[in-house]
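Chemist: Let me give you the structure first, and then I'll get to my questions.
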Amino acid sequence: MGGNQSCSFSNGECNHVSVSQRRKSALRDDQPSLSWAAERIRRHTTVHFGYSTLSLAMRGLDETPTELWELRELQKLNLSMNCLSSLPPALGTLDNLVILNLWGNNLSRLPPEIGLLKKLRVLFACRNRLHEVPEELGLCTCLEVLSLANNQITGLPGSLATMHNLTKLNLSHNRIPYIPTCVYSMRGLVFLHLACNRLETIADQIQDLVNLKILIMEGNSIHTLPKTLCFLESLELLNVDFNDLQSVPAEMYQLSKLGRLACHPLDKGLHIIHNPLLKPIQEVLQGGLSALYNYLKPT
């Protein structure tokens, strides 16, 4: 009964403790130590097409769980359709993110720390309340798809000119008065959506987007198309419906891949309805795109 008490565990209990300790040690070696709450969130992660994925969509969140930012292995994060009004600087700790979906929240800004997500390839930040885009987003040079549609943006920072890997850019339904200068440096663009903004003109630099196949500019106040637009010989869909066009460039016949006049919004071809086109262009178009091209071609 003195100071030399023997161990009160049975052999089986001692063996169990030893195995448990070894397992915990192995876990610590394989991954960083997480809080209990972070481990609870991790249980909801899945592997989708080889990516570590977590969806917290449609959870009614008005702020993100603090423990979320401990999951540094995450590659796809879906926070769409919540009530988030801001994101913390800790977003930058998820430096393995490849896809980030912020669609349908109440975000008024993106934190500058988003620039730390150097592996990010897809960013959906549409349907928020963004007024501007942080300069630091230009550090995400691996971005291939960027959607900022349905916000209150008036322009883009010049730093985005470094996004040479960007192939799809959606800036529709914003308050943009002219195509941001940085866009003309995104020469990998295949898809550019600028519908329902406040555009009145298109700069001659549009010719620099040589890989462009889809250009959507419906619902603006564009009154003329530059002839340099006609140098984009890869264009398969050009939508200028609902603008203020009175004529078209004489060089438009060079856009041979448009193929036809299109009616359905998703159809390839030339969309040019609901413009105050003057005669004879208005009348010629009644014969289809081929009739327009024959009219425009020099004899």
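Chemist: In region 251-281, what residues are open to solvent by less than 20 Å² (accessible area, probe 1.4 Å) and either part of a helix (DSSP H, G or I) or in contact (Cβ under 8 Å) with a residue 60 or more places away in the chain (or both)?
Modeler: Met252, Leu258, Ile281
Chemist: While we're looking at this one, here's another question. Quick one: in region 42-81, which of the residues that are at positive phi and free of Cβ contacts under 8 Å to residues at least 24 places away in the same chain is most open to solvent (accessible area, probe 1.4 Å)?
Modeler: Among them, the one singled out is Phe49.
Chemist: Report every pair of residues separated by at least 6 positions or lying on different chains whose Cβ atoms are under 8 Å apart, first residue within region 217-231 and closer than 18 Å to Asn170 by Cβ, second of a type in the set (Phe, Trp, Tyr) and modelled with pLDDT of 95 or more.
Modeler: Cβ pairs passing all conditions: Glu218/Phe242; Gly219/Phe242; Asn220/Phe242.
Chemist: What residue, of Val248, Val284, is among the β-branched types (Val, Ile, Thr) and in a loop (DSSP other than H, G, I, E, B)? Don't jump to the end; show me each part of the working.
Modeler: Working: Val284 fails: in a loop (DSSP other than H, G, I, E, B).
None of the other options fit; the residue is Val248.
Chemist: Okay, next question. Determine whether region 139-149 contains at least one residue that is within 16 Å of the chain's Cα centre (by Cα), surrounded by fewer than 19 Cβ atoms within 10 Å (Cβ to Cβ) and of a type in the set (S, T, N, Q).
Modeler: For region 139-149, residues within 16 Å of the chain's Cα centre (by Cα), surrounded by fewer than 19 Cβ atoms within 10 Å (Cβ to Cβ) and of a type in the set (S, T, N, Q): present.
Chemist: Same structure again: Could you say whether any residue in region 215-229 is under 21 Å from Pro177 (Cα atoms) and touching a Phe, Trp or Tyr at 6+ places or on another chain (Cβ under 6 Å)?
Modeler: yes
Chemist: Okay, next question. Looking at region 164-215 only, could you name the residues that are surrounded by 20 or more Cβ atoms within 10 Å (Cβ to Cβ), of a type in the set (Gly, Ala, Ser) and farther than 25 Å from Ser256 by Cβ?
Modeler: If the condition is that a residue be surrounded by 20 or more Cβ atoms within 10 Å (Cβ to Cβ), of a type in the set (Gly, Ala, Ser) and farther than 25 Å from Ser256 by Cβ, then Ser172 is the only one that fits.
Chemist: Looking at (1) of a type outside the set (D, E, K, R); (2) part of a loop (DSSP other than H, G, I, E, B); (3) over 22 Å from the mean Cα position of the chain (by Cα), can you tell me which one Asn197 breaks?
Modeler: (3)
Chemist: Next up: Mind counting the residues in region 170-190 that are closer than 17 Å to Gly219 by Cβ and among the hydrophobic types (A, V, I, L, M, F, W, C)?
Modeler: Taking region 170-190 first, the residues closer than 17 Å to Gly219 by Cβ are 170-179.
Among the residues that remain, those that are also among the hydrophobic types (A, V, I, L, M, F, W, C) are: 171, 176, 179.
Residues in region 170-190 being closer than 17 Å to Gly219 by Cβ and among the hydrophobic types (A, V, I, L, M, F, W, C): 3 in total.
Chemist: State all residues of region 99-109 that are surrounded by 18 or more Cβ atoms within 10 Å (Cβ to Cβ) and part of a loop (DSSP other than H, G, I, E, B); if no residue qualifies, say none. Outline the logic, then answer.
Modeler: Residues of region 99-109 surrounded by 18 or more Cβ atoms within 10 Å (Cβ to Cβ): 99-105, 107.
Result: Leu102, Trp103, Gly104, Asn105, Leu107.
The values are calculated or read from the model by the stated rules, or taken from the named source; none is laboratory data. Remember, it's a predicted structure, so these values are computed and weren't measured experimentally. Don't worry about glycine lacking a Cβ; one is built from the backbone with ideal geometry, like all the others, and counts go over all protein chains shown. For the accessible areas, the whole protein counts, side chains as well, though only heavy atoms, and no ligand, DNA or RNA atoms are used. Shrake-Rupley method; radii C 1.70, N 1.55, O 1.52, S 1.80 Å.
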